[in-house]
Amino acid sequence: MPHSVSISVFLAVLAACGPASAQGLTEIGCGRNLEKAGAAPQMVMDPSLHVMDQTRAGTKFDPGQAPPGFTVKSIFCARSDIVPAPSDYRVVQAGYPLMLFARDKDTKRTRIAVLEMNNGQLRLRSVGDEGFTPEMTGRIQQFLDASLPQFGKVAQ
């Protein structure tokens, strides 16, 4: 049976880690959103899931084995920044939306974004009240522009 964590517990852990540092993008923790027929969806942290490390390796993203009877529907990660890592497109390329959580350094509120396919296009959409700043929007566009030529290539 998977160990589920509520979104509020996950956000509390993220809040305790503090805002982004000047040292660059860091991954605080990741997990899977699991579904099972007749059961409520579950967010399950996985200390062995390191999306940034796995996607950087250049291989096809593998979310790991779901517990019996469950299906992996999406991946989530707490990060120091809401802007995706350069190879995060590999998660979507493998068929899984990637939900990112990041603590805003100024407002101390949590930003949430989803990297996904929409009408055949890779996009990052904001979820919740925080939205993206103009500076973030510029960096997100750079990520999307760099990812598009790579997205069609099949990872090994």
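The values are calculated or read from the model by the stated rules, or taken from the named source; none is laboratory data. The shown structure was predicted, so the numbers you read here are calculated from the model rather than taken from an experiment. We place every Cβ from the backbone using ideal geometry, glycine too, and count neighbours over all the protein chains shown.
Taking the criterion of being of a type outside the set (V, I, T), modelled with pLDDT of 95 or more and not in a loop (DSSP other than H, G, I, E, B), the residues of segment 91-100 that qualify are L98, M99, L100. Output yes when any residue across segment 78-86 is at pLDDT 95 or above, within 17 Å of the chain's Cα centre (by Cα), buried (at least 20 other Cβ atoms within 10 Å of the Cβ) and within 30 Å of G38 (Cβ to Cβ), and no when none is. There is at least one residue in segment 78-86 that is at pLDDT 95 or above, within 17 Å of the chain's Cα centre (by Cα), buried (at least 20 other Cβ atoms within 10 Å of the Cβ) and within 30 Å of G38 (Cβ to Cβ).
For residues in segment 12-34 being assigned to a loop (DSSP other than H, G, I, E, B) and modelled with pLDDT under 90, which is surrounded by the most Cβ atoms within 10 Å (Cβ to Cβ)? Here the answer is A20.
Touching a residue at least 60 places away in the same chain (Cβ under 8 Å), out of contact with any Lys or Arg (no Cβ under 8 Å at 6 or more places or on another chain) and outside any helix (DSSP H, G or I): does that describe A78? So A78 fits the description; yes. Under the condition of being exposed (fewer than 15 other Cβ atoms within 10 Å of the Cβ) and touching a residue at least 60 places away in the same chain (Cβ under 8 Å), the residues counted in segment 35-66 number 3.
Residues D104, D129, D145: which one is under 17 Å from the mean Cα position of the chain (by Cα) and among the acidic types (D, E)?
Numbers: D129 fails: under 17 Å from the mean Cα position of the chain (by Cα); D145 fails: under 17 Å from the mean Cα position of the chain (by Cα).
Answer to the check: D104.
Considering only segment 125-139, I want to know if a residue exists there that is surrounded by fewer than 21 Cβ atoms within 10 Å (Cβ to Cβ), of a type outside the set (D, E, K, R) and in a strand (DSSP E or B). Yes, there is a match, as at least one residue in segment 125-139 is surrounded by fewer than 21 Cβ atoms within 10 Å (Cβ to Cβ), of a type outside the set (D, E, K, R) and in a strand (DSSP E or B).
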